[in-house]
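Asks: One structure, as structure tokens, below. Some questions next.
The values are calculated or read from the model by the stated rules, or taken from the named source; none is laboratory data. A quick note: this is a predicted structure, and the numbers were derived from the prediction, not measured. So basically every Cβ, Gly included, is an ideal-geometry build from the backbone, and we count neighbours across all protein chains shown.
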Amino acid sequence: MNRKATTECDIIRALASGDLLLPPLKIRLIQSELMVGLRKIDALAEVSWNNHVSLFGLEIKALSTPKAFQSVTDQILSVDLPTGTLPMIVLPYLKEENLRNLEKRGISGIDMCGNGVVISGSFRVFRSGQPNRFRTSAAIKNVYARNSSMVARAFLYKPSYPTVQAICTEINKRNPLVKSYGRKEMSLSTVSKCLKTLVEDLAVNRADSIDLLQARKLLDELSGNYKPPIREWAVTCNIAGTTDPISAIANAASSLNMPMILSGLSSVSRYAVMQRGATKKIYCPDLSRLLKQLPIVQTERFPDIEFIETSEEALYFDSREAQGVSFASSVQTYLELMAGDKRDIETALQVQDFIMSELEGIR
């Protein structure tokens, strides 16, 4: 983990000192910053193997984000390199997906971790699997997890916003813990920091407006970084004296002005065809107060309800109400299903279709 962000000058120095290695190749910097026609390229380098030598024009970026990768690739392709000079990009880190992409397009690429693809008329080398040693430390560690994920989730029910302030307002409006439970609003600076990462990841585009680019990419990132809720307390029970325990719980929560929602797994029927178990899971931020309002009978054998006390705002975010009962959002439902077994994952694809159709309807 680099404490100091890598710069393009650092990469040039590594080239000049011979620190960029991709055995069995030898890489030698010939010149940095030179004009090629009307365009400037970052460097000219010689790559050799045995008696075979090839010349490469280099474009260099100090970031390894999808946006940086796309930008530097477009840059090197836009340069009319001299005859016999081949295109190459250099980044701090290139994952295998990037290397395969470069290989298909006939572009060479190397990183500072020991990964690369070099394509020459005389030789070809492909190497991946070395870990990323240049992860930058961001102000927000993971914009796709926990409460920070609400910024990404906001684009999955409304794909376009005029300003950052509009995103911030929408997030706080759809957060029940802010609306009715005194939780602090998400700040404009937090939204802006999260948005910067979404733009760098090419999930969102920021121009005259701020628009969703890749809904499935956002879902994949949210799913890959999803963590089950932290259980501050859990109780399994039956509710005495009622044939409709969910409505009884919803009424009790309403009387306390307390958010309460069915978990994603217990909200599946709103978005897909799937039968869940008889036990309904319910999230609430203050279980002791809620239970005092209910005639519960605690049991671990065949309970109707499992209460989970949790204050994670993303779980409650964009909840949907029907007949006085709050259900988890389609995105939260999708994430919980994707964290389950094969049957759950198959159902998650139905929920994904629901999310996509809602977005198409808005567009």
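Asks: Among the candidates GLU46, GLU33, which residue alone is at positive phi and either in contact with a Cys (Cβ under 8 Å, 6 or more places away or on another chain) or acidic (Asp, Glu) (or both)? Break it down into steps so the answer makes sense when it comes.
Replies: On the way: GLU46 fails: at positive phi.
GLU33 is the lone residue from the list that is at positive phi and either in contact with a Cys (Cβ under 8 Å, 6 or more places away or on another chain) or acidic (Asp, Glu) (or both).
Asks: Identify the residue in segment 45-62 that is crowded, with 20+ Cβ neighbours inside 10 Å and over 15 Å from LEU91 (Cβ atoms) and, among all such residues, is nearest to the chain's Cα centre (by Cα).
Replies: Taking segment 45-62 first, the residues crowded, with 20+ Cβ neighbours inside 10 Å are 45, 47, 54, 56-61.
Now narrow it down to the ones that are over 15 Å from LEU91 (Cβ atoms): 47, 54, 57.
Numbers: VAL47: 36, SER54: 39, GLY57: 33 Å.
The extreme case among them is GLY57.
Asks: Also, I was wondering about something else. Could you say which residue among SER209, SER223 is among the small types (Gly, Ala, Ser), modelled with pLDDT of 95 or more and surrounded by 18 or more Cβ atoms within 10 Å (Cβ to Cβ)? Full working, then the answer.
Replies: Details: SER209 fails: surrounded by 18 or more Cβ atoms within 10 Å (Cβ to Cβ).
Exactly one residue qualifies, and that residue is SER223.
Asks: While we're on this one: Could you list, in sequence order, the residues of segment 292-320 that are surrounded by 14 or more Cβ atoms within 10 Å (Cβ to Cβ) and not in a loop (DSSP other than H, G, I, E, B)?
Replies: ILE296, ILE305, GLU306, PHE307, ILE308, GLU309, GLU313, ALA314, LEU315, TYR316, ARG320
Asks: Sort out which residues of segment 246-271 are farther than 23 Å from GLU358 by Cβ, of a type in the set (Ser, Thr, Tyr) and touching a residue at least 60 places away in the same chain (Cβ under 8 Å), and write them in order of number.
Replies: SER247, SER254
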